[in-house]
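Below: one structure, written as structure tokens.
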Amino acid sequence: MTDDVMGDVTGLAGLLYEFGLLKRYKRTGWLVAGVRDPESIAEHSFRAAVIAGMIAKLEGADAERAAFMSLFHDTQETRITDIPYIGKRYLKAASNEDVTADQVRGVPAEVADMVGEAVAEYEEKASLEAVCARDADKLECLIQAVEYREQGHQNVQGWIDSSLAAIKTTTGKRLAEEALSTGTLEWVTRVLNGD
């Protein structure tokens with residue numbers, strides 16, 4: 001192994017540890033809503049990726065690409081944290097593309113390009129896959145808010161309303177309406193009843 005490749009692998013290992021922070025960093029908006037132990041950024045990104053794949057498939061887009069973009073859509077928060085919307089009113093954060101470029105500095109070019117392109121496509125909002133991934137981000141937030149509301153948290157309606165208003169695709173809108181009219185554990189009853 002050459003020194004060049006060794007340096008790239010060292011940088012890549014560091015990036016993997018950095019992205020591991022997302023498992024510990026909490027989504028701060030839920031703290032504002034009064035949720036004492038909110039989901040982590042990684043937990044949010046996982047379900048958003050699953051949702052993105054589903055929406056994309058039903059919208060005729062590339063499900064894998066949409067899910068892939070969702071995996072990286074909040075990775076910048078290892079550096080800039082999850083700034084709540086009220087904080088964004090007073091702060092000007094670097095663009096997600098700029099943060100990502102710093103994060104992938106020193107990793108193999110193939111990996112840097114892969115991550116950078118996924119983030120850029122997501123942020124550009126131009127491809128159908130990016131639209132599906134962005135809808136998944138909002139739908140995941142809406143579903144999480146419904147779950148927190150069922151657990152007794154009363155200050156989540158604003159997240160439900162803003163998420164619902166931001167969803168663009170027909171599939172995303174239909175899924176949001178279904179999520180709002182379905183109890184979070186109704187699926188268990190259907191399974192137990194053999195439905």
Practice task
Run residue 119 past the list (1) surrounded by fewer than 19 Cβ atoms within 10 Å (Cβ to Cβ); (2) over 11 Å from the mean Cα position of the chain (by Cα); (3) aliphatic (A, V, I, L, M); (4) assigned to a helix (DSSP H, G or I) and report the number of the one that doesn't hold.
Solution key: (1)
Exercise for the section: Determine whether residue 108 is out of contact with any Ser or Thr (no Cβ under 6 Å at 6 or more places or on another chain) and touching a residue at least 12 places away in the same chain (Cβ under 8 Å). Expected result: yes
Handout entry: Residue that is farthest from residue 176 (Cα to Cα) [pool: residues in segment 111-153 that are touching a residue at least 24 places away in the same chain (Cβ under 8 Å), of a type in the set (D, E, K, R) and touching a helix residue (DSSP H, G or I) at 6+ places or on another chain (Cβ under 8 Å)]
Key = 121
Handout entry: In segment 9-67, the residues that are surrounded by fewer than 20 Cβ atoms within 10 Å (Cβ to Cβ), part of a helix (DSSP H, G or I) and of a type in the set (S, T, N, Q)
Key = 10, 28
Practice task
Could you tell me whether any residue of segment 51-69 is acidic (Asp, Glu) and within 23 Å of residue 158 (Cβ to Cβ)?
Solution key: no
Completion exercise
Restricting attention to segment 151-191, the residues that are more than 23 Å from residue 132 (Cβ to Cβ) and in a helix (DSSP H, G or I) number exactly 7
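Any read-out appearing in this document is the output of simple, stated calculations on the displayed coordinates, not a laboratory observation. Every value quoted in this text rests on a predicted model; they were computed, and no experiment measured them. All Cβ positions, even for glycine, are placed from backbone atoms using ideal geometry, and neighbour counts span all protein chains on display.
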